[in-house]
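Below is one structure, written out as structure tokens; comments come after it.
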Amino acid sequence: MSIRTSTANGVLTIEIARPEKKNALTIAMYAAMTQALSGAQADNAVRAALITGQPAAFTAGNDLQDFMERPPTGEDSPVMDFMYALLNFDKPVVAAVTGAAIGIGVTMLLHCDLVFVSDDAQLSTPFVSLGLVPEFASSAILPRLLGHVKAAEVLLLGKGFSGADAVRLGIANAALPATEVVAHARRVAERFNELPAGAVRDAKRLMRAQTKDDVMRAVRTEIAVFSERLRSPEAKEAFEAFFQKRKPDFSKF
């Protein structure tokens, strides 16, 4: 399965554990994470969720072989189920990021409440280079956080950035030595045991309410365009080049 879950001291931990594939995500892994969040949503003993990966990789994004065999073509796909579960989770979500966070590995951070990264983490959103477009409201959230010109570097050019940059850009709370990230994030998640759960949930709901309509509108627009892009000649060339381990040629499009 490559997703490990556990609940201790009021915290649901979702660990992406597929290091041999740099924690690339499959449909089955998305389903397991969705199930874990749904169970924690109904469990009053759970006060917060912690999402983490492996030392060398938070996640390399989608497993492209699995992705192309069963591409997400609508709002009922497993990846969308997971992202909706994350977006609608009414308890705090803390992320602990070390190593690489690519594609959806960055997108999901935008829907977490507290994010801690290693100072040597490497984050990137290479959607356009694959002939695709940003996903799950990142086209709305990143320009709001970064400003248009910086968001264009990240989303149009696919420019990578470090853990320290993620803090400066407002995507993460703090950058720490890699060996300290998970323990620190867990301590932060466990602090919610000391706070009134109802007040925490209501405060989170109010914070998210200000932009929720815009986020949901962006999600629906993105998935429609994303589905079209999956069928485009550019995406076909990008994916074929990836599997053939060559540089794509977009000059003919």
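The values are calculated or read from the model by the stated rules, or taken from the named source; none is laboratory data. Values in this document were obtained by computation on a predicted structure and should not be read as measured data. Methodologically, a virtual Cβ is constructed for each residue, glycine included, from the backbone with ideal geometry; neighbour enumeration extends over all protein chains shown.
Structure summary
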| quantity | calculated |
| --- | --- |
| Extreme residue, nearest to residue 39 (Cα to Cα), among residues of the range 55-95 that are aromatic (Phe, Trp, Tyr) and without any contact (Cβ under 8 Å) to a residue 40 or more places away in the chain | 84 |
| Odd one out for residue 73, checked against (1) within 19 Å of residue 201 (Cβ to Cβ); (2) more than 12 Å from the chain's Cα centre (by Cα) | (1) |
| Residues that are in a helix (DSSP H, G or I), in contact (Cβ under 8 Å) with a residue 40 or more places away in the chain and among the small types (Gly, Ala, Ser), drawn from the range 155-194 | 163, 164, 166, 178, 185, 189 |
| Criterion (modelled with pLDDT of 95 or more and over 22 Å from residue 52 (Cβ atoms)) met by exactly one of 163, 198, 170 | 198 |
| Every residue from the range 224-253 that is assigned to a loop (DSSP other than H, G, I, E, B) and surrounded by 13 or more Cβ atoms within 10 Å (Cβ to Cβ) | 232, 248, 250 |
| Matching residues in the range 193-223 - criterion: being surrounded by 12 or more Cβ atoms within 10 Å (Cβ to Cβ) and among the aliphatic types (A, V, I, L, M) | 195, 197, 200, 203, 215, 216, 218, 219, 223 |
| Residue match in the range 98-106 (condition: part of a strand (DSSP E or B), in contact with a helix residue (DSSP H, G or I) (Cβ under 8 Å, 6 or more places away or on another chain) and at pLDDT 95 or above) | yes |
